[in-house]
Amino acid sequence: MSATAVNVDALIDAAKGRVTPLIYTDPDIYQLELERIFGRCWLFLAHESQIPKAGDFFNTYMGEDPIVVVRQKDGSVKAFLNQCRHRSMRVSYADSGNTRAFTCPYHGWSYGVDGQLVEVPLEPKAYPQGLCKEKWGLREVTRVEIYKGLIFGNWDAEAPDLKSYMGNMAWYLDGVLDRREGGTEIVGGVHKWTINCNWKLAAEQFASDQYHALFSHVSAVAVLGAARDAAPEDKALGTGQTNRPVWETAKDAVQFGEAGHGSGFFFTEQPDANVWVDGEVSEYYRETFDEAEQRLGRIRALRLAGHNTLFPTLSWLNGTATLRVWHPRGPDQVEVWAFCIADKAASDHVKAAFERSATRAFGPAGFLEQDDSENWVEIQKVLKGHQARNTAMCLEMGLNGERRRDDGIPGITNYIFSETAARALYRRWADLLISDTWEEINQRTQKFQEETVK
Ligand code: FES
Ligand SMILES: [Fe+2]
């Protein structure tokens with residue numbers, strides 16, 4: 001196990017709902033995260049629709065490691081560390097594109113899309129003793145798996161397969177990926193920006209925190225409600241929605257939290273989209289409801305709002321079509337990559353409406369996005385204080401209220417206003433950092449779950 005001056009286990013007491021915020025600031029913990037979380041968990045790389053043809057590539061990251069994802073000639077997908085084996089220069093610079101080779105800009109070593117080193121300038125003169133090019137190909141990401149269009153990578157040969165890793169979270173993810181025949185695609189490009197906060201603040205909020213919306217987003221939601229009241233027939237504002245807050249009108253609401261993953265949503269009676277999406281989007285959801293219901297069942301087909309994190313760093317919001325990755329950039333910065341994800345079968349007109357809606361609400365200048373980032377940045381500033389970062393935080397919401405439901409919603413759940421998913425996330429996080437093997441990690445997770453739901 002890597003040496004760290006900090007006893008990680010002592011900073012988390014998930015059973016009691018206590019977390020010491022040093023976990024958001026400590027540089028040793030951060031290095032351990034890169035090794036033990038970003039080096040062992042399944043990380044989202046790209047959507048298949050971004051690299052449809054042989055030679056198509058997309059540049060991304062696993063933790064802080066630059067990764068190039070490439071469609072192979074046989075249609076499969078491989079991912080490589082974007083690092084020249086000569087002197088560690090990046091070999092692929094464009095965000096995405098199509099290529100026959102990756103040629104390093106420093107001394108010109110050239111690699112095929114299969115990662116093999118194929119060309120070394122002046123090879124016979126510079127390496128008269130011979131150079132075994134087979135040995136010096138790009139380092140390949142150990143495992144790549146695709147789930148319904150989403151491409152994931154993992155450095156750890158011993159990790160469980162992707163489906164087992166997702167566990168019950170796959171049921172929630174399917175609510176976005178499986179609404180219509182043909183699956184999903186990424187619409188438009190990727191919005192990228194940085195926020196000066198630890199990646200876990202964002203990942204945890206999307207896993208577990210509906211609670212903040214009541215307060216942090218109240219002004220934005222009030223403005224939208226007022227605009228809609230003033231022009232109830234205006235399609236651009238959506239129709240058929242009530243202005244009473246959903247937490248007052250919803251019959252029931254659920255939060256799910258297991259193995260670091262989390263999700264939450266209100267039960268609704270009608271396929272009503274969020275107030276911040278365009279009218280075309282609301283209309284699309286009503287028109288396609290029957291197909292979605294047939295494929296997903298009523299509960300998931302009606303779910304057009306709510307938050308989700310697939311541990312560690314893939315988050316999305318149902319109905320709003322934003323899917324994002326929180327790439328860590330040191331203990332106190334995160335780089336957000338936001339994708340707009342929509343049903344492939346939707347018309348171009350509807351896809352454009354999805355993109356507009358996602359950008360307006362949750363783009364880098366999105367009116368809801370900014371409420372969230374503002375909080376996280378301020379928290380990170382508070383934690384510069386020695387006393388502050390060693391003062392425990394309260395994660396007791398809904399403690400001991402965990403239960404398993406009998407209506408088809410899988411996993412450990414609670415009422416939406418709880419911190420079940422946050423407690424599960426921090427427990428899993430600590431278990432990954434302190435365990436040497438996946439067997440140990442999973443044993444700890446199982447033990448925690450058994451203690452959570454008695
Ligand atoms: S660093 Fe790439 S060729 Fe030298
Ligand atoms: Fe928010």
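A few remarks follow.
- Among the criteria (1) part of a helix (DSSP H, G or I); (2) modelled with pLDDT under 95, the one Arg300 does not fulfil is (2).
- Test set (1) more than 14 Å from the chain's Cα centre (by Cα); (2) closer than 22 Å to Tyr147 by Cα - Gly330 fails condition number: (2)
- Residue check, Cys84 within 16 Å of ligand 1 (Cβ to nearest atom), open to solvent by less than 10 Å² (accessible area, probe 1.4 Å) and either touching a Ser or Thr at 6+ places or on another chain (Cβ under 8 Å) or not assigned by TED's automatic domain parsing to the domain that holds Pro124 (or both): no
- Filter result for Thr103 (more than 16 Å from ligand 2 (Cβ to nearest atom), under 20 Å from Arg71 (Cα atoms) and open to solvent by 40 Å² or more (accessible area, probe 1.4 Å)): yes
- Candidates are the residues of the stretch 24-47 that are acidic (Asp, Glu) and under 30 Å from Gly149 (Cβ atoms); the one that is most open to solvent (accessible area, probe 1.4 Å) is Glu35.
- Complete set of residues in the stretch 340-368 that are without any contact (Cβ under 8 Å) to a residue 12 or more places away in the chain and not hydroxyl-bearing (Ser, Thr, Tyr): Asp348, Ala365, Gly366
- Complete set of residues in the stretch 403-437 that are free of Cβ contacts under 8 Å to residues at least 60 places away in the same chain and crowded, with 21+ Cβ neighbours inside 10 Å: Asp431
- Residue pairs meeting the criteria (Cβ under 8 Å; at least 6 apart or on separate chains; first open to solvent by less than 80 Å² (accessible area, probe 1.4 Å), in the stretch 369-386; second of a type in the set (Lys, Arg)): Leu383/Arg389
- If you go through the stretch 406-444 and pick out every residue that is touching a Lys or Arg at 6+ places or on another chain (Cβ under 6 Å) and not aliphatic (A, V, I, L, M), you end up with 2.
- For the stretch 230-264, the candidate set comprises residues that are among the β-branched types (Val, Ile, Thr) and out of contact with any Phe, Trp or Tyr (no Cβ under 6 Å at 6 or more places or on another chain); within that set, the residue that is modelled with the lowest pLDDT is Thr239.
- Members of the stretch 249-272 that are out of contact with any Gly (no Cβ under 9 Å at 6 or more places or on another chain) and of a type in the set (Ser, Thr, Tyr): Thr249, Thr268
- Trp171 touching a Ser or Thr at 6+ places or on another chain (Cβ under 8 Å) and either open to solvent by 50 Å² or more (accessible area, probe 1.4 Å) or not aliphatic (A, V, I, L, M) (or both): no
- Just one of (1) in contact with a Gly (Cβ under 9 Å, 6 or more places away or on another chain); (2) outside any helix (DSSP H, G or I); (3) of a type outside the set (A, V, I, L, M, F, W, C) fails for Tyr172. It is (2).
- When residues in the stretch 132-154 are screened for being in a loop (DSSP other than H, G, I, E, B) and either open to solvent by 40 Å² or more (accessible area, probe 1.4 Å) or touching a helix residue (DSSP H, G or I) at 6+ places or on another chain (Cβ under 6 Å) (or both), 5 of them pass.
- Condition check for Glu123: among the acidic types (Asp, Glu), within 16 Å of ligand 1 (Cβ to nearest atom) and without any contact (Cβ under 8 Å) to a residue 12 or more places away in the chain: yes
- The stretch 352-368, subset open to solvent by 30 Å² or more (accessible area, probe 1.4 Å) and assigned to a loop (DSSP other than H, G, I, E, B), residue farthest from ligand 1 (Cβ to nearest atom): Phe367
- Filter pass, Tyr111 being surrounded by fewer than 17 Cβ atoms within 10 Å (Cβ to Cβ) and in the same structural domain as Ala94 (by TED's automatic domain parsing): no
- Residue check for Tyr106: under 23 Å from Lys53 (Cα atoms), within 16 Å of ligand 1 (Cβ to nearest atom) and of a type in the set (Phe, Trp, Tyr): no
- Enumeration of residues in the stretch 190-225 that are open to solvent by less than 50 Å² (accessible area, probe 1.4 Å) and not in a helix (DSSP H, G or I): Val190, Trp193, Ile195, Cys197, Asn198, Asp209, Gln210, His217
- Residue list for the stretch 387-402, filter: touching a residue at least 24 places away in the same chain (Cβ under 8 Å) and open to solvent by 50 Å² or more (accessible area, probe 1.4 Å): Arg389, Asn390, Thr391, Ala392, Met393, Cys394, Glu396, Leu399
- The number of residues in the stretch 319-352 that are touching a strand residue (DSSP E or B) at 6+ places or on another chain (Cβ under 7 Å), within 16 Å of ligand 2 (Cβ to nearest atom) and not basic (Lys, Arg) comes to 7.
- Within the stretch 1-14, restricting attention to residues that are at pLDDT 95 or above and over 23 Å from the mean Cα position of the chain (by Cα), the residue that is least open to solvent (accessible area, probe 1.4 Å) is Leu11.
The values are calculated or read from the model by the stated rules, or taken from the named source; none is laboratory data. Keep in mind the model is a prediction, meaning the values are calculated, not measured. Counting neighbours? That spans all protein chains shown, and the Cβs are built from the backbone with ideal geometry, glycine included. The area values use the complete protein model at the heavy-atom level, side chains included, leaving out ligands, DNA and RNA. Shrake-Rupley method; radii C 1.70, N 1.55, O 1.52, S 1.80 Å.
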